[in-house]
1. Considering only residues that are under 16 Å from ALA46 (Cβ atoms) and free of Cβ contacts under 8 Å to residues at least 12 places away in the same chain, which ones fall in the stretch 112-147?
2. Restricting attention to the stretch 87-105, report how many residues are in a helix (DSSP H, G or I) and in contact with a Phe, Trp or Tyr (Cβ under 8 Å, 6 or more places away or on another chain).
3. Of the conditions (1) within 30 Å of GLU118 (Cβ to Cβ); (2) touching a Leu at 6+ places or on another chain (Cβ under 7 Å), ILE20 clears all except one; give me its number.
4. With respect to SER51, determine if the residue is among the small types (Gly, Ala, Ser), assigned by TED's automatic domain parsing to the domain that holds PHE136, buried (at least 16 other Cβ atoms within 10 Å of the Cβ) and under 30 Å from PHE149 (Cα atoms).
5. Restricting attention to the stretch 54-72, does a residue exist that is under 15 Å from VAL137 (Cα atoms) and not hydroxyl-bearing (Ser, Thr, Tyr)?
6. Filtering the stretch 61-83 down to residues that are in contact (Cβ under 8 Å) with a residue 24 or more places away in the chain and polar (S, T, N, Q), which residue is nearest to LEU125 (Cα to Cα)?
7. Which number in (1) assigned to a loop (DSSP other than H, G, I, E, B); (2) surrounded by 17 or more Cβ atoms within 10 Å (Cβ to Cβ); (3) over 16 Å from the mean Cα position of the chain (by Cα) marks the one condition that GLY148 misses?
8. Does THR36 fit the bill of being surrounded by 13 or more Cβ atoms within 10 Å (Cβ to Cβ) and either among the aromatic types (Phe, Trp, Tyr) or closer than 26 Å to PHE149 by Cα (or both)?
Amino acid sequence: MNKHFLSGIKASIPACLGVIPVGISIGLLAIQAGLTGFEAIFMSAAVMAGSAQLMSISMITQGASMSAIILGTCFINLRHIVMSSSAMQRVKGTTLFQRLLGAFALCDESFAIYSLSEDDSYPFLMGTNTALYATFVLSTVIGCLMTGFLPQIVIDSFGVAFYAAFLGMLIPSVKHNVPLIILVTATAALNWLLQRFLPPSWSVILAMVLGAFAGVFLVEEESLPKKEVTDR
């Protein structure tokens, strides 16, 4: 097997450990929302985006329309266009099919690993993608299977754990950036306010769009923390 592919798998092991509880939570919550095991697993295999899937599951539970779910998922996943474009610029000597395949399984974790690695080969990227993709889908399968024997209180705790994990990823990125802290807080407050006038599914989408639009003007790229990246 290609040594660069194996290096990508090895580099992604710590991230895979962090993906496992997310995948399990998706499986548990999807079944609780009324999805079948096949639907929950297919969602992870086709989307592979924990935050977007959690939002979709929440919107399904609230009875949101299909158009709202699709629109919300598209907005929250727009960052993948930027990440894929950036990663594919580093990959040399690949066909269009290979680049599309590499972009398909690219996620936040694999993008971070590939961007910070000195190995910019396509096999390294695919090794990272493959390990994270397989871990996420298999942990979703485990989550679906666990719903049959876990007490409800334990299932509910996985939903709380998902939000805790999300905050754990968010806080290190914003703690050194006051404008970003203000923007995140204001967006959350706006969502809470909009829910007084709009269905929760649409309030999330509108708050997300307005927050992103405001971020273009309020958050400067130069002000983002750089020390954490160079120290890793």
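The values are calculated or read from the model by the stated rules, or taken from the named source; none is laboratory data. Note that the structure is predicted; figures quoted are calculated from it, not measured. Note that we place each Cβ from the backbone using ideal geometry, even for glycine, and neighbour counts take in every protein chain shown.
1. ALA134
2. Restricting attention to the stretch 87-105, the residues satisfying the condition of being in a helix (DSSP H, G or I) are 87-90, 96-104.
Narrowing the set further to residues that are in contact with a Phe, Trp or Tyr (Cβ under 8 Å, 6 or more places away or on another chain) leaves 87, 90, 98, 102.
Final tally of qualifying residues: 4.
3. ILE20 satisfies all of (1) within 30 Å of GLU118 (Cβ to Cβ); (2) touching a Leu at 6+ places or on another chain (Cβ under 7 Å) except (2).
4. Working: among the small types (Gly, Ala, Ser): yes; assigned by TED's automatic domain parsing to the domain that holds PHE136: yes; buried (at least 16 other Cβ atoms within 10 Å of the Cβ): yes; under 30 Å from PHE149 (Cα atoms): yes.
For SER51, the condition - among the small types (Gly, Ala, Ser), assigned by TED's automatic domain parsing to the domain that holds PHE136, buried (at least 16 other Cβ atoms within 10 Å of the Cβ) and under 30 Å from PHE149 (Cα atoms) - is met.
5. Narrowing the stretch 54-72 to residues under 15 Å from VAL137 (Cα atoms): 54.
Applying the additional criterion that residues be not hydroxyl-bearing (Ser, Thr, Tyr) yields 54.
Among the residues of the stretch 54-72, at least one is under 15 Å from VAL137 (Cα atoms) and not hydroxyl-bearing (Ser, Thr, Tyr), which makes the answer yes.
6. ASN77
7. (2)
8. Details: surrounded by 13 or more Cβ atoms within 10 Å (Cβ to Cβ): no; either among the aromatic types (Phe, Trp, Tyr) or closer than 26 Å to PHE149 by Cα (or both): yes.
Against the criterion (surrounded by 13 or more Cβ atoms within 10 Å (Cβ to Cβ) and either among the aromatic types (Phe, Trp, Tyr) or closer than 26 Å to PHE149 by Cα (or both)), THR36 does not qualify.
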